[in-house]
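Everything below concerns the one structure shown next.
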Amino acid sequence: MEPEKGKYFNLLSSGALSVKVINQIPGHMSTLGLTITPITQDMYGRNDASEKITDYLTRLPLYLVEGNPSWEGLLVGFPGDKKELSTKSVGTPYLRVILYPILDLHHRLQNLSKKRLPCIYFIGDRFSDVFLRKFFLLREVIPHIVVLTNDLYQCAQNKSQPPVTEKIFTESWTQMKISKQMSSEHGQKIQSGKRETVLRFLSSEVPCSEGTENPERLDILGYDGKDHSIVAFELKGPGASRVELENLFLQGVEHRNWLENNKMAIKLLFDGGPRGRRINTKKRVRLYLGFYGEFLPAIFNELKHEAIRRDPYTEIEFIKLVNENDGVTLRSMLT
């Protein structure tokens, strides 16, 4: 490997990297009815010189996850903080030399356990786009790639809502009001033609797609109380400019796609994994785009129709926001 890109493996080998996140998240998983067992060398099976699971992989914390057939698999932990896991420390040469050994180890564990093991989990403080692209290549042969970061774990533990604000009729006030309405006993009802949706609250400001410095954040994460699909709700306040409003669509689609790729992680951290009953990961993620004003930007229809043409199962709904009765009324804008 290139010397400058071998920094992470050198730090890993010296034991200098923090394992706080690697201990926290598996510890949380063990409270959900899953058994987390460290993988030892005698579990590798054959390990002679010609078929050895390399040190590049075995220096990482490795675990076997069991307890529920849909959630069992191999767990790979990456110690260190976001800086130590950045592309300046971890290069593609290192990722290349662990990718196939991960598949090999997963296959050996299947033979050892006589189980399907449909999941491979990756746990770390935060992963760069380079990491994620490499990980997601494994989806070609593994049903579920579950990426669990410290950002997402902390968000799920806090179960946050936007702070109460005295400033009326702003974007933050709107986000707060909608979140509280979704958290209420009856949820937030939206009538779309003959279909009534009941939105329920999970969290706000949810870290999702990687940004330049910090993850981008989804305004509101929820679920449909009737069909239990995950809901991504993005909104703009009354003061949004034309450019900000038009950007709402692409921002929402990006976050919706991220949720679609990470439904298992969302269910594990926000819905108790195998014990949860609020989220159905077999349902597609729905996107709601909320904004003030009387008219739908013309480009929204064009973008929506193109998105559906590419993927007929895509569900995107435009929501007119109305400030009334010290709250926010949500009205579907059918297209």
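The values are calculated or read from the model by the stated rules, or taken from the named source; none is laboratory data. Quick caveat, the model's predicted, so the values are computed rather than measured. Because the Cβ atoms are built from the backbone with ideal geometry, glycine has one as well, and the counts that use them run over all protein chains shown.
Odds and ends about this structure:
Results for (1) of a type in the set (Asp, Glu); (2) outside the structural domain of Gly225 (by TED's automatic domain parsing); (3) under 30 Å from Phe122 (Cβ atoms); (4) part of a helix (DSSP H, G or I), shown as yes or no for each residue.
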| site | (1), (2), (3), (4) |
| --- | --- |
| Glu166 | yes, no, no, no |
| Phe169 | no, no, no, no |
| Trp173 | no, no, no, yes |
| Met176 | no, no, no, yes |
| Ser179 | no, no, yes, yes |
| His186 | no, no, no, no |
| Gln191 | no, no, no, no |
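- The lone exception for Lys134 - which of (1) in the same structural domain as Ser89 (by TED's automatic domain parsing); (2) closer than 25 Å to Val231 by Cα; (3) in contact with a helix residue (DSSP H, G or I) (Cβ under 7 Å, 6 or more places away or on another chain) it fails: (2)
- Those residues of the range 24-51 which are at pLDDT 90 or above and assigned to a helix (DSSP H, G or I), in sequence order: Gln24, Ile25, Pro26, Gly27, His28, Met29, Ser30
- Test: residue in the range 307-326 that is among the charged types (D, E, K, R), out of contact with any Cys (no Cβ under 9 Å at 6 or more places or on another chain), without any contact (Cβ under 8 Å) to a residue 40 or more places away in the chain and part of a helix (DSSP H, G or I): yes
- The conditions of being among the small types (Gly, Ala, Ser) and surrounded by 14 or more Cβ atoms within 10 Å (Cβ to Cβ) are not met by Gly193.
- Every residue from the range 85-119 that is assigned to a loop (DSSP other than H, G, I, E, B) and either farther than 15 Å from Pro69 by Cα or touching a residue at least 12 places away in the same chain (Cβ under 8 Å) (or both): Leu85, Ser86, Thr87, Lys88, Ser89, Val90, Gly91, Lys115, Arg116, Leu117, Pro118
- Which numbered condition Glu294 misses (of (1) out of contact with any strand residue (DSSP E or B) (no Cβ under 7 Å at 6 or more places or on another chain); (2) crowded, with 18+ Cβ neighbours inside 10 Å; (3) not in a helix (DSSP H, G or I)): (2)
- Within the set Asn280, Asn301, Asn247, the sole residue that is polar (S, T, N, Q) and not in a helix (DSSP H, G or I) turns out to be Asn280.
- Tabulated pairs, the range 246-272, first closer than 12 Å to Leu221 by Cβ, second assigned to a helix (DSSP H, G or I) and aromatic (Phe, Trp, Tyr), C-beta under 8 angstrom, 6+ apart or interchain: Leu269/Tyr153
- Residues of the range 261-271 classified as part of a helix (DSSP H, G or I) and under 13 Å from His144 (Cβ atoms), total: 7
- Only one of Lys180, Lys159 that is at positive phi and surrounded by 12 or more Cβ atoms within 10 Å (Cβ to Cβ): Lys159
- One residue stands out in the range 267-290 among those that are buried (at least 18 other Cβ atoms within 10 Å of the Cβ) and in contact with a strand residue (DSSP E or B) (Cβ under 6 Å, 6 or more places away or on another chain): the one that is farthest from Phe127 (Cα to Cα), namely Gly290.
- Residue within the range 138-157 that is part of a loop (DSSP other than H, G, I, E, B), modelled with pLDDT under 95 and aliphatic (A, V, I, L, M) present: no
Matching residues to (1) surrounded by fewer than 16 Cβ atoms within 10 Å (Cβ to Cβ); (2) under 20 Å from Phe270 (Cβ atoms); (3) modelled with pLDDT under 90:
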position: Ile22; (1), (2), (3): no, no, no
position: Ile53; (1), (2), (3): no, no, yes
position: Leu64; (1), (2), (3): no, no, no
position: Gly73; (1), (2), (3): no, yes, no
position: Gly80; (1), (2), (3): no, no, no
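- Scanning the range 211-244 for residues that are touching a Ser or Thr at 6+ places or on another chain (Cβ under 7 Å), of a type outside the set (Phe, Trp, Tyr) and surrounded by 17 or more Cβ atoms within 10 Å (Cβ to Cβ) turns up Pro215, Asp219, Ile220, Leu221, Asp224, Leu235, Gly237.
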